[in-house]
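To start, the structure itself, in structure tokens.
The values are calculated or read from the model by the stated rules, or taken from the named source; none is laboratory data. Source: prediction; values computed, not measured. Reconstructed Cβ throughout: ideal geometry from the backbone, glycine too, with neighbour counts over all protein chains shown. Areas reflect the complete protein model, heavy atoms only, side chains present, ligands, DNA and RNA absent. Shrake-Rupley method; radii C 1.70, N 1.55, O 1.52, S 1.80 Å.
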Amino acid sequence: MFLPPRLRVLIDGNIIALLLFIGFLAVIPLSGHRFYMYIAVLIMIFGMFAMGYNILFGYAGLLSFGHGLFFGVGAYSVALFTLNVYRDPLVGVLFSIPIALLTSILVGVLTLKHGKVYFAILTLALSMIFWSALVKLRWITGGTDGLTGIPKRGVLVDLSAPTTFYYFILVFFAAIMLGLYALNKSRYGLLLRALGANEDRLPFLGYSTFTLRMIALTVSGVVSALAGSLYAVFYSVVTPDVAYWTFGAEPLVMSLIGGSSYFLGPLVGALIFVSLTTAVARFAEYWMLLLGAALLAMVLFFRGGLLGFLESLVGGLKLGVYRRWRF
Amino acid sequence: MDLTPFLVQALTGLYKGSLYWILALGLILIFGVVRVINFAHAAFYVTGSYIMYTFYNHTGNFIISLIMAMVLTGALGVALEVTVIRRVYKLETIYQLLATFGIALIANEAQKLIWGKGVVYIPIPETLKGGVSVGGVILNHYMTLIIVAGFLLFIATILFMNNTVTGLRIRAVWRDPVMSEALGINTKLTYTLVFFIGTALAGLGGALTVPLISVGPGLADYLIVTAFIIVVVAGLGSITGAYIVSILVGVFSSILVLTIPELDIVVLYMIAALILLFRPQGLFGER
Amino acid sequence: MLSVENLNGYYGLVQVLFSINFKVERGDMIALVGSNGAGKTSLLKSIMNIELRKEGKVIFEGKDVTRLPPHKIARLGILYIPDTGGLYHGLTTLENMQLAAGRKTIDINRIKEIYPRIEALLHRPADKLSGGERKIVSILRSLLVETKLLLLDEPTEGVSPIITEEIYRMLKKLNEEGKTIIVVEPGSRLKIALKHVNKIGVMRTGKLEYFDTTEKALKELELLKKLIFI
């Protein structure tokens with residue numbers, strides 16, 4: 001390709017695939033199919049959740065079992081804000097950002113100083129605190145029934161038409177994906193990957209492991225919370241289930257299915273995950289059984305996920321350029 | 001002020017804490033020696049409950065059912081160690097957590113398939129139905145049995161670890177697996193043995209639980225979090241610490257239920273989080 | 001009794017040992033000398049099948065031990081002692097010895113023959129011993145198992161010259177009792193090693209560049225020094 005060197009560094013297969021995918025999403029409403037739009041919205045929301053999750057998991061090498069906490073914080077802050085303070089979904093979603101920021105920092109201070117094993121256990125414990133608070137603080141959160149009536153039509157924006165709502169989600173999705181791509185290409189992206197690969201070496205290079213992990217956690221937390229707030233507006237209902245740790249493990253499974261060491265891995269995982277769950281929804285009673293089996297199979301046989309599997313196929317043809325799909 | 005309700009809760013807390021301890025002990029042994037955080041540990045515990053329930057319904061014999069629950073749960077643990085866990089020892093910690101997490105999910109669902117979604121329980125054995133009076137409060141014989149059994153298990157573990165060759169070898173593998181191999185200790189076998197002991201203990205705890213608490217789906221989710229908190233607050237690897245913290249958590253949570261029922265768990269977790277903030281290595285852990 | 005044939009060793013994809021060949025006779029006391037990173041430690045670990053992946057062959061007393069797990073190699077009578085001594089922190093000296101002895105009772109008098117001051121150390125945790133004491137205790141463990149071959153990684157690292165002499169005297173005694181010994185030493189210990197061993201090898205960048213009797217080596221001292229220090 002004839003591109004100036006600066007651009008060649010910025011542009012790779014990932015961004016082209018991403019832009020094509022966003023373009024594809026943008027034309028789906030033209031088909032007029034409500035069901036496709038429904039699935040596409042879920043893919044976008046869980047795609048954001050999984051991509052956000054993977055900043056921590058794939059990049060920084062930290063396993064969180066508590067991302068339901070961030071998703072839940074986003075969902076409940078938009079619910080509480082629109083129901084009690086200002087009745088508007090856009091302002092509500094934006095309001096969830098600073099809340100998520102504060103939550104992430106608090107979680108980081110509590111969990112990041114003890115190493116990876118502790119991080120996994122502590123995030124699990126914190127998400128359980130949050131979950132039990134949601135269940136127990138009935139007068140604020142509505143207990144297990146949750147909060148209903150989160151408005152799509154507000155003072156500033158009216159998202160009650162399905163197509164309007166669809167593009168509302170798409171704008172957030174595109175912004176976050178491009179933002180994450182920029183992060184991936186930036187110095188911080190590089191440092192985070194170095195952190196995941198070899199945490200012992202970084203202090204020698206003059207970077208604090210703690211600060212870098214904190215940045216990763218904050219980005220991850222805010223993106224996850226945004227996904228949660230959009231999810232709440234989408235369904236107009238939130239229940240404590242979204243903060244439960246088995247829900248928080250879903251983005252982990254998505255990242256693994258797609259391939260956690262690929263930039264687009266989590267998004268591919270979300271696509272497969274959402275399509276599968278929707279397709280098998282009728283007999284999804286024992287869904288968790290399949291989830292567990294998939295997880296085990298991934299860990300034992302396909303640690304690279306789907307993209308890793310594809311790469312090993314293509315890699316057999318010795319096409320070195322495909323390496324560029326990895327982040 | 002009438003203190004009777006507090007005494008009732010404190011005694012309840014003692015037996016609950018003893019059950020937590022049996023759960024936590026297996027978790028510590030497996031983590032310490034095998035270096036795997038066993039996410040499926042509570043699932044093994046609940047499996048023990050279900051096996052106890054099934055055998056008791058068929059035989060009506062408490063002791064036989066208890067032994068079967070222990071042995072079969074332990075055997076299940078060994079089967080998983082040999083087929084799955086062993087293959088992830090050399091991988092990063094993250095993959096070990098993921099593998100056991102996958103097992104936990106599968107186990108939870110499999111239990112729903114086999115034993116249904118309802119709760120199960122069995123009656124307390126006839127011979128243990130009576131009780132003794134403690135400060136005007138009746139303490140059920142069965143609860144006394146659990147409290148005593150928990151304490152005996154604590155003493156036995158300490159004696160086993162410090163005074164037998166097998167205990168010494170387990171401690172050696174705990175400290176330095178490579179050197180242990182070089183000294184002629186079969187570490188692979190030790191791992192399997194410890195996995196058996198750990199999961200059999202979980203089975204024992206689960207089996208002892210059925211006559212007291214109805215066992216059903218979701219119990220494992222709650223228990224594993226409590227067990228993790230106990231182990232982390234005590235300090236990973238401290239057996240004595242785990243016993244003390246288990247009992248404290250049992251008693252404390254029972255009293256919290258009485259005083260602030262809306263926030264009992266939340267307050268308990270908050271205290272745990274604060275302890276870790278100021279003492280990251282846990283109360284009894286060494287740095 | 002031990003023969004290493006065409007041994008290549010790898011850490012992951014990185015090769016650290018290159019076609020190493022040598023033979024050890026019963027009753028030998030051998031020093032392998034070389035600078036840091038020459039592959040001395042890797043060679044010992046590779047014989048024991050610890051950490052490294054290897055190609056080639058290791059024969060011990062006529063038995064192919066190339067693919068045996070470490071604990072089985074150890075049970076054949078090879079004791080490997082890492083440079084740290086490999087004592088377990090938190091366990092007492094006695095417990096550390098019991099580990100080597102397995103279910104057999106420890107004969108303290110037998111240990112006293114080699115190291116009379118052992119009794120004062122028995123109930124101290126290994127991490128409370130001095131560096132020299134730690135090295136000595138780790139060597140004494142070879143008395144408790146029927147060790148035929150002792151593989152020692154830098155047994156005198158970081159200890160005073162007096163203790164170094166004492167350790168070598170101990171090793172000599174063990175050697176005279178019939179134990180075969182291989183010690184790995186840095187270049188700085190060349191002189192003292194030459195005083196006690198009957199064969200010497202020099203390692204350099206993963207290869208065994210020199211292997212011969214001490215007698216011969218003393219005549220070619222200049223060559224040896226060149227191999228080690230340049």
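Can you tell me how many residues within the stretch B:104-143 are of a type in the set (F, W, Y) and either over 18 Å from B:A207 (Cα atoms) or away from chain A (no Cβ under 14 Å) (or both)? Before the answer, list the steps.
Restricting attention to the stretch B:104-143, the residues satisfying the condition of being of a type in the set (F, W, Y) are B:115, B:121, B:142.
If we keep only those that are either over 18 Å from B:A207 (Cα atoms) or away from chain A (no Cβ under 14 Å) (or both) too, we end up with B:121, B:142.
Summing the residues that are of a type in the set (F, W, Y) and either over 18 Å from B:A207 (Cα atoms) or away from chain A (no Cβ under 14 Å) (or both) in the stretch B:104-143 gives 2.
Would you pick out the residues in the stretch B:271-287 that are surrounded by 14 or more Cβ atoms within 10 Å (Cβ to Cβ), in a helix (DSSP H, G or I) and either at pLDDT below 80 or at the interface with chain A (Cβ under 8 Å from one of its Cβ atoms) (or both)?
B:A272, B:A273, B:L276 - these are the residues of the stretch B:271-287 that are surrounded by 14 or more Cβ atoms within 10 Å (Cβ to Cβ), in a helix (DSSP H, G or I) and either at pLDDT below 80 or at the interface with chain A (Cβ under 8 Å from one of its Cβ atoms) (or both).
Any idea which of A:A194, A:A175 is open to solvent by 60 Å² or more (accessible area, probe 1.4 Å), within 30 Å of A:A60 (Cα to Cα) and out of contact with any Cys (no Cβ under 9 Å at 6 or more places or on another chain)?
Values: A:A194 fails: open to solvent by 60 Å² or more (accessible area, probe 1.4 Å).
Criteria check complete, one pass: A:A175.
Mind listing whichever residues of the stretch B:232-273 are under 24 Å from B:D2 (Cβ atoms), in contact (Cβ under 8 Å) with a residue 24 or more places away in the chain and hydroxyl-bearing (S, T, Y)?
Within the stretch B:232-273, B:S253, B:S254 meet the criteria.
Are there helices (runs of 4 or more DSSP H) fully within the stretch A:242-303 with at least 3 residues that are open to solvent by 10 Å² or more (accessible area, probe 1.4 Å), within 16 Å of B:F101 (Cα to Cα) and not polar (S, T, N, Q)? List them. Please lay out each step first, then the result.
Values: elements: A:245-248, A:250-258, A:265-279, A:287-301.
In the stretch A:242-303, A:287-301 are the helices (runs of 4 or more DSSP H) which contain 3 or more residues that are open to solvent by 10 Å² or more (accessible area, probe 1.4 Å), within 16 Å of B:F101 (Cα to Cα) and not polar (S, T, N, Q).
Only one of (1) part of a loop (DSSP other than H, G, I, E, B); (2) open to solvent by 20 Å² or more (accessible area, probe 1.4 Å) is not met by C:K72, so which one is it?
Checking C:K72 against (1) part of a loop (DSSP other than H, G, I, E, B); (2) open to solvent by 20 Å² or more (accessible area, probe 1.4 Å), the one that fails is (1).
Which numbered condition trips up B:V71, out of (1) more than 7 Å from chain A (Cβ to nearest Cβ); (2) part of a helix (DSSP H, G or I); (3) more than 22 Å from the chain's Cα centre (by Cα)?
(3)
Cβ-Cβ below 6 Å, separation at least six or inter-chain, first residue in the stretch A:84-100 and of a type in the set (A, V, I, L, M), second open to solvent by 70 Å² or more (accessible area, probe 1.4 Å): which pairs?
A:L90/A:L156
Of these, B:F55, B:F39, which one is farther than 18 Å from B:T190 by Cα, out of contact with any Lys or Arg (no Cβ under 9 Å at 6 or more places or on another chain) and outside any helix (DSSP H, G or I)?
Numbers: B:F55 fails: outside any helix (DSSP H, G or I).
Within the list B:F55, B:F39, the selection yields B:F39.
Filter the stretch B:113-136 down to residues that are outside any loop (DSSP other than H, G, I, E, B), surrounded by fewer than 18 Cβ atoms within 10 Å (Cβ to Cβ) and touching a Gly at 6+ places or on another chain (Cβ under 9 Å), then give me how many there are. Walk me through how you get there before you give the answer.
Quick first cut of the stretch B:113-136, residues outside any loop (DSSP other than H, G, I, E, B) only: B:113-115, B:120, B:126-128, B:131-134.
Checking the rest, the ones that are also surrounded by fewer than 18 Cβ atoms within 10 Å (Cβ to Cβ) come to B:113-114, B:120, B:126-128, B:131-134.
Filter once more, so that each one left must be touching a Gly at 6+ places or on another chain (Cβ under 9 Å): B:120.
Total satisfying the criteria: 1.
What strands (runs of 3 or more DSSP E) completely inside the stretch C:120-230 contain at least 1 residues that are surrounded by fewer than 17 Cβ atoms within 10 Å (Cβ to Cβ), over 16 Å from the mean Cα position of the chain (by Cα) and modelled with pLDDT of 90 or more? Before you say what the answer is, go through the steps one by one.
Working: elements: C:149-153, C:180-185, C:199-204, C:207-213.
Output list reads C:207-213.
Quick one: which residue in A:L110, A:L62, A:L101 is within 11 Å of another protein chain (Cβ to nearest Cβ), open to solvent by 20 Å² or more (accessible area, probe 1.4 Å) and closer than 28 Å to A:G196 by Cβ? First the steps, then the outcome.
Working: A:L62 fails: open to solvent by 20 Å² or more (accessible area, probe 1.4 Å); A:L101 fails: within 11 Å of another protein chain (Cβ to nearest Cβ).
Exactly one residue qualifies, and that residue is A:L110.
For every residue, the table says whether it meets (1) within 19 Å of B:I106 (Cβ to Cβ); (2) open to solvent by 10 Å² or more (accessible area, probe 1.4 Å).
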{"site": "B:G205", "(1), (2)": "no, no"}
{"site": "B:T209", "(1), (2)": "no, no"}
{"site": "B:G218", "(1), (2)": "yes, yes"}
{"site": "B:D221", "(1), (2)": "yes, yes"}
{"site": "B:I229", "(1), (2)": "no, yes"}
{"site": "B:V232", "(1), (2)": "no, no"}
{"site": "B:S238", "(1), (2)": "no, yes"}
{"site": "B:Y243", "(1), (2)": "no, yes"}
{"site": "B:I247", "(1), (2)": "no, yes"}
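Please go through the stretch A:143-177 and give me each residue that is under 13 Å from A:V237 (Cβ atoms) and assigned to a loop (DSSP other than H, G, I, E, B), ordered by number. Full working, then the answer.
Just the residues of the stretch A:143-177 that are under 13 Å from A:V237 (Cβ atoms), to begin with: A:144-152.
Matches in the stretch A:143-177: A:G146, A:G149, A:I150, A:P151, A:K152.
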